[in-house]
Each structure stands twice: as C-alpha cells, then as structure tokens.
1. Can you give me the angle between helix 136-147 and the longest principal axis of the chain, using Cα atoms only, in degrees from 0 to 90, rounded to the nearest 10?
2. Work the Kirkwood hydrodynamic radius out for the chain: mean of 1/r over every pair of different alpha-carbon atoms, inverted, in Å.
3. So, in nm, how far is label residue 99 from label residue 249 when the simple model puts each one 7 Å beyond its Cα toward the Cβ?
4. Nearest 0.05, what FRET efficiency do residue 122 and residue 11 give at R0 = 45 Å with Cβ-Cβ as r?
5. Under a crude label model (7 Å from the Cα following the beta-carbon direction), how far is residue 265 from residue 66 in nanometres?
6. When the chain is treated as a GNM, springs tying every alpha-carbon pair under 10 Å, which of 25, 104, 227 comes out with the largest mean-square fluctuation?
7. With labels modelled as points extended 7 Å from the Cα through the Cβ direction, what inter-label distance (nm, one decimal) is found for residue 212 paired with residue 20?
8. Which value at 222 nm does the chain reach when only helices count, each DSSP H run of 4 or more adding -39,500 (n - 2.57), with the total divided by all residues and rounded to the nearest 500 deg cm²/dmol?
Ligand SMILES: Nc1ncnc2c1ncn2[C@@H]1O[C@H](COP(=O)(O)OP(=O)(O)OP(=O)(O)O)[C@@H](O)[C@H]1O
Ligand SMILES: [Mg+2]
C-alpha cells in the first residue's frame with residue numbers, strides 16, 4: 001500500500017517471523033550462542049524463553065537453517081495434540097508418519113529412526129515452540145524417550161522455546177529429572193532504546209528504504225510504548241507508516257506516532273500490552 005510512496009520494495013514491519021530480516025540484538029546473538037553451545041557440548045536440553053513477541057520463533061527458524069548440515073531437525077509446537085502416542089507425535093515433528101496403529105509400534109519406529117541417525121553420526125534435534133503449553137507429564141515422557149536404549153545418554157536433543165511461564169513449568173517438582181538435563185537456558189529480553197533504533201533502521205534497510213524514514217523522537221516514542229518488544233514495535237511502526245502515507249508525509253515524526261497511539265487508545269482493539277512482570 002504505502003511501499004511505493006516511501007521507496008520501499010516490501011513491507012518492512014510484517015507481523016510474522018522473517019528470518020531473512022533478522023536483526024542481531026545482543027540478546028538474539030546470545031541465544032544463538034547458547035544454542036550452539038548446547039548442540040556441541042553434549043545432548044542435554046536447551047531452553048530459550050522470552051516475552052510474547054520477543055522473537056523466539058524467528059530465532060528458531062534461523063537456528064534450524066544455520067545448523068541443518070549434518071543434523072536432522074524436527075519441529076513441533078506445544079499446542080499440537082499428541083493423542084497419547086508420544087513417539088508418533090515426535091516422529092510427526094520430523095515429518096515422518098507413524099506406520100502402526102499402536103504406541104508400541106511408533107516407539108520401535110522412533111527407536112530405529114534415532115539409531116539410524118546416531119549410526120550415521122547425525123544429531124536428531126527436536127525444536128518445540130510454545131513449550132509453555134506442554135503438560136509436565138508429556139515433557140517427562142519426552143525425556144524418557146530421548147534417553148531410551150542409550151544407556152542414559154540421550155540420542156534426541158530437545159530445544160524448548162517458550163514464554164516466561166515455561167520457567168515455572170520446568171520448576172515443578174515432578175520435572176526435577178528433566179530440569180537436570182537442561183544444559184543451557186537463555187531468556188530473550190526486550191530491546192534497549194539503542195537496539196530499537198538500530199532494529200527499525202535495519203528493517204527499513206532490508207526492505208530497500210532509507211534508514212531516516214522515522215525521526216529519532218518517533219523511534220523513542222515507539223520504543224517506550226512497545227517496551228522494546230519487536231512485535232509491538234512492528235505493529236506501531238507499520239501503522240505509523242500508514243498514517244504518514246495517508247497524510248502524504250515523507251516520513252514518520254513523533255506527531256504521527258502520537259496520533260496512532262491516541263486512535264488506538266480511543267478505538268483500538270489491538271492494544272499494546274506491557275511485557276509480563278511489569
Ligand atoms: N531479532 C529480530 N529481527 C527481526 N525481526 C524480529 C526479531 N525479533 C522479532 N522480530 C519480529 O517480531 C515479530 C514477533 O516475532 P516472533 O513471532 O518470532 O516472536 P515470538 O517470541 O515467537 O512470539 P510469541 O511469544 O507470540 O510466540 C515478527 O514479526 C518478527 O519478524
Ligand atoms: Mg512464537
């Protein structure tokens with residue numbers, strides 16, 4: 001809609017994960033390092049938590065691409081039901097259909113799959129997004145399956161991504177054994193003011209536009225209202241561009257952002273939520 005007006009090749013602030021537009025904040029770099037460490041230093045569980053909209057799924061897509069050579073990756077989300085057959089559920093994450101109708105058949109199929117990978121010197125890594133939605137019982141079942149027939153040495157590496165409630169879930173007494181397998185944990189925090197500014201510039205540049213479409217005051221206002229959370233920044237920055245376009249302005253200044261915020265306050269259903277814990 002407004003792309004041509006601002007000299008952009010695409011929308012700079014989409015609301016879905018776009019690993020090609022990844023901005024490496026210190027937090028995202030650190031999460032990437034923690035995962036790389038977890039993947040190389042053994043077979044324990046890696047946990048990455050972060051506020052809603054902080055970039056966990058975006059990071060997951062990037063990491064799967066980055067480490068795909070020599071590894072076998074699977075992906076699941078915590079809201080996908082598993083109908084009681086955990087092995088079939090894990091196979092599904094790896095894109096494999098369970099052949100039998102009984103959980104015992106899925107189990108031997110999973111064992112074979114994991115043994116094949118181990119024999120070929122490949123790591124089998126299962127990413128579980130939205131892991132805060134999993135039941136404690138299921139997490140414990142996954143741990144047991146990951147360690148089956150391996151003398152306590154896991155043959156399936158688990159990486160959990162989740163909102164802050166995942167921390168509370170993992171602290172439940174019945175998950176003591178699971179917790180002990182966590183080799184690295186990182187909490188993706190919100191952007192600092194300087195990071196928000198660099199983030200907005202980098203997304204504009206990635207969309208083919210000039211970095212000065214937003215004044216410094218407009219960026220500051222967006223940062224404060226979005227509490228440094230990328231999805232919230234995207235929503236406000238995108239809407240501000242629409243408002244600036246409607247007013248035939250050359251860019252976004254603080255008044256544009258203020259108008260967006262005022263309209264949202266009065267009529268908006270898409271309100272900007274503060275991060276949990278604030
Ligand atoms: N480091 C980043 N670089 C570029 N874009 C980012 C970054 N982090 C987040 N985003 C953008 O912010 C939005 C939200 O990111 P994402 O969906 O990955 O968050 P999330 O933490 O998985 O959210 P949820 O808790 O709702 O699952 C997306 O539009 C994504 O492109
Ligand atoms: Mg997500």
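Bear in mind that the values in this text are calculations on the coordinates, not laboratory data. Remember, it's a predicted structure, so these values are computed and weren't measured experimentally. Glycine also receives a Cβ, built like all others from the backbone with ideal geometry; neighbour counts cover every protein chain displayed.
1. 60
2. 20.5
3. Placing both labels 7 Å along Cα→Cβ, they lie 6.4 nm apart.
4. Once the sixth-power term is evaluated, E becomes 0.75.
5. So the two model labels end up 4.0 nm from each other.
6. Comparing 25, 104, 227 in the GNM, the peak value goes to 104.
7. Placing both labels 7 Å along Cα→Cβ, they lie 2.8 nm apart.
8. Only helices count here, giving -14500 deg cm²/dmol.
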